[in-house]
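Notes follow the structure.
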Amino acid sequence: METMYHPKEWHEAYAILASGGAVLAGLIIVATAVRADQILFSLHWRLRARNSTLSMITIMIGSNFVLLPQDVTLLGVELIVFNLTCACLLPGAVIVNELRKHEGLPIRIPVLAASFYLLAAAGGVSLIVHWGGGLYLPFAAYSAYLLSAVITAFALLMPHPKSSKSKKVS
């Protein structure tokens, strides 16, 4: 179980995560483009497409931190700072905005996304103190995020009704 604190042992796993993030970012962009005429009318779907695409990019960046040859403590600090920043900027902004303005957006998906980033940051703490899940934590968080991105891409491809403001009265 000591391998959880040795990034060299995780090279292939994090290379796959980085590649998966790149592929899914492209898939989400294509899915959004296919339904752009419908997604543009929905704040929920616009935010979900944007945040999912940016989150896949953050998975690529976070995975690359693990792939870089560096001290484990420095890697832990990078994972903490990077994932907490992402949690605040991506899903955190949607959650705060909805709680303040009450626009009727569901916040369960942004809360779940924020929890993935917090789990990845906890992996950074674990690397520093050599206690806990180590690199299993960011791997689990990023893998769960990849799965949620597949679900988002599928949902983006489904037909979406236009908002009531854009519907014509017959």
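With respect to E78, determine if the residue is in contact (Cβ under 8 Å) with a residue 24 or more places away in the chain, among the acidic types (D, E) and more than 15 Å from H44 (Cβ to Cβ).
For E78, the condition - in contact (Cβ under 8 Å) with a residue 24 or more places away in the chain, among the acidic types (D, E) and more than 15 Å from H44 (Cβ to Cβ) - is met.
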Among the residues of the stretch 15-55, which ones are closer than 30 Å to H130 by Cβ and hydrophobic (A, V, I, L, M, F, W, C)?
A15, I16, L17, A18
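Every residue, every condition in (1) in contact with a Lys or Arg (Cβ under 9 Å, 6 or more places away or on another chain); (2) of a type in the set (S, T, N, Q); (3) closer than 19 Å to L146 by Cα, yes or no:
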| residue | (1), (2), (3) |
| --- | --- |
| E2 | no, no, no |
| I16 | no, no, yes |
| D37 | yes, no, no |
| H44 | no, no, no |
| T53 | no, yes, yes |
| N64 | no, yes, yes |
| L67 | no, no, yes |
| N83 | no, yes, yes |
| A87 | no, no, yes |
Would you list the helices (runs of 4 or more DSSP H) that sit entirely within the stretch 76-170 and hold 2 or more residues that are over 21 Å from A22 (Cα atoms) and open to solvent by less than 40 Å² (accessible area, probe 1.4 Å)?
91-101, 108-129
Give all pairs with beta carbons closer than 6 Å in which a residue from the stretch 130-147 that is more than 14 Å from N83 (Cα to Cα) meets a residue that is hydroxyl-bearing (S, T, Y); count only pairs at least 6 apart in sequence or on separate chains.
H130/Y5; G132/S126; G133/S126; G134/Y5; G134/S126
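The values are calculated or read from the model by the stated rules, or taken from the named source; none is laboratory data. These numbers were taken from a predicted model, which means no experiment stands behind them. Counting neighbours? That spans all protein chains shown, and the Cβs are built from the backbone with ideal geometry, glycine included. Heavy atoms of the whole protein, side chains included, go into the accessibility calculation; ligands, DNA and RNA do not. Shrake-Rupley method; radii C 1.70, N 1.55, O 1.52, S 1.80 Å.
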